[in-house]
Amino acid sequence: MRYLTVLTLVLAQTLLALAQAQTDVRGTWTAELRNAKVFLQVRTAPPKEWNGDRWGGDWNMGQSFPIEEFPGLPPNDDQFSVTNIKFDLHREAGTLAFEGAFRDGRGAGLFTFTQRPQYTAEMRALGYTEDLPIWRRFQLAVHDVGPTYIRDLKSEGYDKLTLDQIQRAKSHGVTMEFIRGLKAEGFRAIALETLVRTRDHGVTAEYIKALKAEGYTTASLDELVRLRDHGVTQLYIQEMRKAGFANTAIDDLVRARDHGVTPEFVAEIRGLGLSVTGLDQYVRLRDHGVRAAFVQDLKAAGYDKLGTEELIRLHDHGVTSAFVRDLGAQGFKNLALEDVVRAKDHGVSADYIADMKELGLKDLSLSQIVRLRDHGITPGFVNHVRARGFKPADADELVRLKNTGLYR
């Protein structure tokens, strides 16, 4: 109840502030303290002219910060609780002043952004002469865009950038350490947007070094992004090498990882004594659902010399060991693979065979049973024919009677 009361008060004060002439930016905040970081979210209503009629909602920003950037918060207390606190976040564009409360490391309250007067002159000296109303300064402050970051980018060769480009790079974590790390790995003169994409996808200097150590020394950034996106790690490469797949092409690594081919799966299949020659066959087995239990069950049912493609075909057609055993119980043992698949495809089940036998049709071949099933000869039809005075002697006569329309 106390929390709801605070939120109601926050909303009322925020709306009141927006009704006044805007000389600062006000809003609400929530935060969580965890592992010496502050996971902060701020929320405020932008001025109407900011985005025209395209968006009428609030503006939100969520980001994690080192706790040292917030004077007034304890450095190592994830269970921090206080009923009334004030703390700041200082930026070159201005200061965000927070007030509120924390309970068990989670906080909420109000904030006010106050601009720093010298910021405009400093930005103009760097060539950014555009008008910077307080709302724009607030955005730049939140993302920590200022002369220091702009000069650092310029020192790394990124000059003549728009503020939007700079803000995007900063908000996506393109730091000087990140840029220099990529350069140290041989990636120089990278477009800023490529840097953003690379950072977004988690390709760091450490990841590049790890893959180089595994022999991927000429991979492009696009290839590295693809590998990272598809979960190809150094450990995966090492384990696949131990499984016999050394110097695997990038496309093959990605495909294998996407299709769930793990070193464990490779070992599982090899343990069955199957002759699988390449990564593509492991991918096919995995894609078609062929697992150790399926192969072992078929072996127990008498099919112990099947190849990869035969196993795939049986699985695709729904042939299980139970189906094979049920056919055997009805007298159809040691069937050729084609016959088993045909029986399954045509809906011939052990129950159907048993029904035919109960009606006196005991010496039918599998081909005859398939033919009966294909023509819709059911126990009900056989009984109907007999009730009409017909005494069909074989499968062919039943089919003839069905085809002549004797079904009413």
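The values are calculated or read from the model by the stated rules, or taken from the named source; none is laboratory data. Treat the numbers as computed from the prediction; the structure is a model and nothing was measured. Heads up, the Cβs are rebuilt from the backbone with ideal geometry, glycines too, and the neighbour counts pull from every protein chain shown. Side chains are part of the model used for accessible areas, which takes the heavy atoms of the whole protein and leaves out ligands, DNA and RNA. Shrake-Rupley method; radii C 1.70, N 1.55, O 1.52, S 1.80 Å.
Structural remarks
- In the range 136-145, residue farthest from GLN118 (Cα to Cα) [restricted to those that are assigned to a helix (DSSP H, G or I) and open to solvent by 10 Å² or more (accessible area, probe 1.4 Å)]: GLN139
- Selected residue (only one of SER171, SER155 is surrounded by fewer than 16 Cβ atoms within 10 Å (Cβ to Cβ) and over 20 Å from LEU221 (Cα atoms)): SER155
- Index of the failed condition, GLN330 passing every other in (1) out of contact with any Lys or Arg (no Cβ under 8 Å at 6 or more places or on another chain); (2) touching a residue at least 24 places away in the same chain (Cβ under 8 Å): (1)
Every residue, every condition in (1) farther than 16 Å from GLU156 by Cβ; (2) aliphatic (A, V, I, L, M), yes or no:
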site	(1), (2)
ARG188	no, no
GLY202	yes, no
SER220	yes, no
LEU227	yes, yes
LEU235	yes, yes
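- Conditions (1) more than 25 Å from LEU73 (Cα to Cα); (2) of a type in the set (A, V, I, L, M); (3) open to solvent by less than 40 Å² (accessible area, probe 1.4 Å); (4) over 35 Å from the mean Cα position of the chain (by Cα); number of the one not met by ALA93: (1)
- Flag for VAL385 being surrounded by 12 or more Cβ atoms within 10 Å (Cβ to Cβ) and in contact with a Gly (Cβ under 8 Å, 6 or more places away or on another chain): no
- Those residues of the range 67-87 which are within 37 Å of the chain's Cα centre (by Cα) and open to solvent by less than 50 Å² (accessible area, probe 1.4 Å), in sequence order: ILE67, PHE70, LEU73, PRO74, PHE80
- When THR162, THR129, THR148 are screened for being loosely packed, with under 15 Cβ neighbours inside 10 Å and either on the phi > 0 side of the Ramachandran plot or touching a helix residue (DSSP H, G or I) at 6+ places or on another chain (Cβ under 9 Å) (or both), only THR129 passes.
- Residues satisfying the stated conditions in the range 186-212, i.e. more than 19 Å from VAL232 (Cα to Cα) and acidic (Asp, Glu): GLU193
- Meets criteria (open to solvent by 20 Å² or more (accessible area, probe 1.4 Å) and either at pLDDT 95 or above or more than 30 Å from MET61 (Cβ to Cβ) (or both)) for THR198: no
- Residues that are in a helix (DSSP H, G or I) and touching a residue at least 24 places away in the same chain (Cβ under 8 Å) within the range 333-347 comprise LEU337, ASP339, VAL340, VAL341, ARG342, ALA343, LYS344, ASP345, listed in sequence order.
- For the range 242-270, a residue qualifies if it is farther than 16 Å from TYR216 by Cα and within 24 Å of the chain's Cα centre (by Cα), and the qualifying residues are ARG255, ALA256, ARG257, ASP258, HIS259, GLY260, VAL261, THR262, PRO263, GLU264, PHE265, VAL266.
- Residue in the range 177-185 that is open to solvent by 20 Å² or more (accessible area, probe 1.4 Å) and either at pLDDT below 95 or within 26 Å of ARG241 (Cα to Cα) (or both) present: yes
- Residues in the range 365-383 that are closer than 28 Å to HIS315 by Cβ and of a type outside the set (Gly, Ala, Ser): LEU366, GLN368, ILE369, VAL370, ARG371, LEU372, ARG373, ASP374.
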